[in-house]
């Protein structure tokens, strides 16, 4: 097996799949997982993570795959506020851009729940879609599970549901790679219509994925050696896979949390993330693995030099650590790089408020640049490292409260004994 294949980006879900299915980790981490789950419950909220779209569409690709697309429409008042006071030299009214959200490997459009809410309130039309084989989209042929094909799918989605007007493209992990491949596929589209791009926890290739330390290396090796042996047989026995997941729910949540996040999050959010990740068909997971072997699309980054670019990732991302983002920054003059302390790979669910604020600022910069004809590539390169202070305070407070409650319960039990 080649080194590239041993370092693929499915460490979090792969460790869960293989570990739970093979039972190799149950005896080692079960007690730790149970204690960890209790701490997560201290952070829980009443959020159901639901978003009802204003419109659902099925977009058919040129090879016959139905893609699930949802559209969130802002109120007329919110949309008008976005462009109030902006008048270009030619005098025509300014229209807010459409934001297109493209998710990563083994996720679905459900991972954008917080961004969809925030961007709609901010006045933007939001288009989200499921990759082929993911979420509610149809499957393709196994040899079509490659990034270049996904770029064609994205192009089709844009043609069908956002055929005119400015665009802001947002991609996480494999979704970011898809946007890069779209630049290679149709550089004129990027030049003419794209006012902003956000590359979130992603990589242009050219270096090994999942190189974020010892834990990532162990997970990659585990998946590389056992993944195909476990995934394909289980894909033929869905009832067995469902049984395994039920029997290992606590372990599953622990592994997903450890490999997706790097700060305390609510137990309900971990369960939500696990259900998205592990609802992806196992044979689809296996068939996509080859898409990342030898992946290198760095030359395509030149097509984004005329647009506002945000590169956003976590300092503790073990799948696409900051070194991968550095490659994007080096290739795009004027790109802004925001690094988040205590943040993992699924950063849009872990630190949604930080990302939402950065996305709104990115969109606003793009709108103004279009109106004022600013030269984006002449902007100074900016890199910032930020910490979600409010979240850390909340986490400490709720964890302390949970600890006091646990000690009180233990004391009461001891008196009863």
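Bear in mind these aren't lab numbers, they're just calculated from the coordinates by the rules spelled out. This is a predicted model, so every value here is computed, not measured. Note that we place each Cβ from the backbone using ideal geometry, even for glycine, and neighbour counts take in every protein chain shown.
State the dimensionless ratio Rg/Rh of region 262-362 (Rg: radius of gyration of Cα atoms; Rh: Kirkwood radius).
On the way: Rg = 15.7 Å, Rh = 15.6 Å.
That ratio equals 1.01.
Distance between Cα centroids, region 90-134 to region 290-364: provide it in whole Å.
Distance between centres, Cα-based: 17 Å.
According to a simple spin-label model (label point 7 Å from Cα along Cα-to-Cβ), what is the distance in nm between residue 164 and residue 275?
Taking the two extended label points, one gets 4.0 nm.
Which order do peptides 336-344, 199-207, 56-64 fall in by mean Cβ count within 10 Å, highest first? Walk me through the numbers before you get to the answer.
Values: 336-344: 21.6, 199-207: 24.7, 56-64: 13.2.
Descending packing order for the listed peptides: 199-207, 336-344, 56-64.
Ranking 127, 168 by Cβ neighbours within 10 Å, fewest first, what do you get? Could the numbers behind the result be given before it?
Details: 127 24, 168 27.
Sorted ascending by nearby Cβ count, the order is 127, 168.
Would you mind computing the Rg to Rh ratio of region 154-210 from its alpha-carbon coordinates, Kirkwood style for Rh? The partial results should precede the final answer.
On the way: Rg = 11.9 Å, Rh = 11.9 Å.
Taking Rh as the inverse mean 1/r over Cα pairs, Rg/Rh reads 1.00.
Based on alpha-carbon atoms only, what is the radius of gyration of region 97-188 relative to the globular estimate 2.2 N^0.38 Å?
Numbers: Rg = 12.7 Å, N = 92, 2.2 N^0.38 = 12.3 Å.
After normalising by residue count via 2.2 N^0.38 Å, the value is 1.03.
Once you have a ≥ b ≥ c as the square roots of the Cα gyration tensor eigenvalues for region 309-366, tell me rounded if a/c is under 1.5, and otherwise prolate or oblate according to whether a/b is larger than b/c. Don't jump to the answer; show the numbers that get you there.
Values: a/c = 2.77, a/b = 1.10, b/c = 2.51.
Judged from the Cα gyration tensor, region 309-366 comes out oblate (a/c at least 1.5, b/c at or above a/b).
Could you give the length gained by full extension between residue 95 and residue 390, i.e. 0.36 nm per residue of separation minus their alpha carbon distance, to one decimal place? Walk me through the intermediate numbers first.
Numbers: separation 295, 0.36 × 295 = 106.20 nm, distance 3.43 nm.
Difference between extended and current length: 102.8 nm.
Distance in nm between label sites at residue 298 and residue 52, each 7 Å beyond Cα in the beta-carbon direction?
4.9
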